[in-house]
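Here's the structure, in structure tokens; my notes come after.
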């Protein structure tokens, strides 16, 4: 046990009364006041304040620990949300790539279908044109053999075969031109030019 006497005792009491500075901590338990009532009151009062201060410090420490736990949980949740967001972004990117690939396939299929349709249209036009030309040629030929005055029919018949020959070359040239322009893939879609000032 510690005994505080003389000047040290007076300085401790004066420091506490004038400036509010006192001993604190475990040393207070070691002081022997003896019969000194003023020192005994000082130790009791200072010990009580020390307990309150320790209690407040403990509460603050507990609050800080609780806040630290909450902050750690929030950080963990944020990390988990971040990972989920990264996974969602990756899935969205993969879905975008799949959509782009499907779009390209659909465009290719549509292009092939369009070319096939255009080829069928050209084929139909050629067949109908040839049918009309052949039909007229046959009609004129029949008229040539049936009529007695053949001069008009002869000139019409020779003109008809000239026209047939010319139209045949014209149709063949058109088809070859379309094939050449489209690189052998069928007709080329018509593109309009937009005026840009």
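Can you order the peptides 114-120, 42-48 by their average number of other Cβ atoms within 10 Å per residue, highest first?
So the peptides 114-120, 42-48, ranked by packing, come out 42-48, 114-120.
Does the range 2-56 classify as rounded, prolate or oblate by the C-alpha gyration tensor (a ≥ b ≥ c root eigenvalues; a/c under 1.5 gives rounded; else a/b over b/c gives prolate, otherwise oblate)?
oblate
Between residue 96 and residue 141, what is 0.36 nm times their sequence separation minus the Cα-Cα distance? Round to one decimal in nm.
Net length gain for the segment: 9.6 nm.
Take residue 68 and residue 23, extend 7 Å from each Cα along the Cα→Cβ direction, and tell me the distance between the two endpoints in nm.
3.2 nm
How much length, in nm to one decimal, is gained on full extension between residue 133 and residue 52, taken as 0.36 nm per residue of separation minus their Cα-Cα distance?
17.4 nm
Each value in this text was obtained by applying a stated rule to the coordinates, not by laboratory testing. In this text, all values refer to a predicted model and were calculated from it rather than measured experimentally. Here the Cβ is made from the backbone with ideal geometry for all residues, glycine too, and neighbour counts use every protein chain on show.
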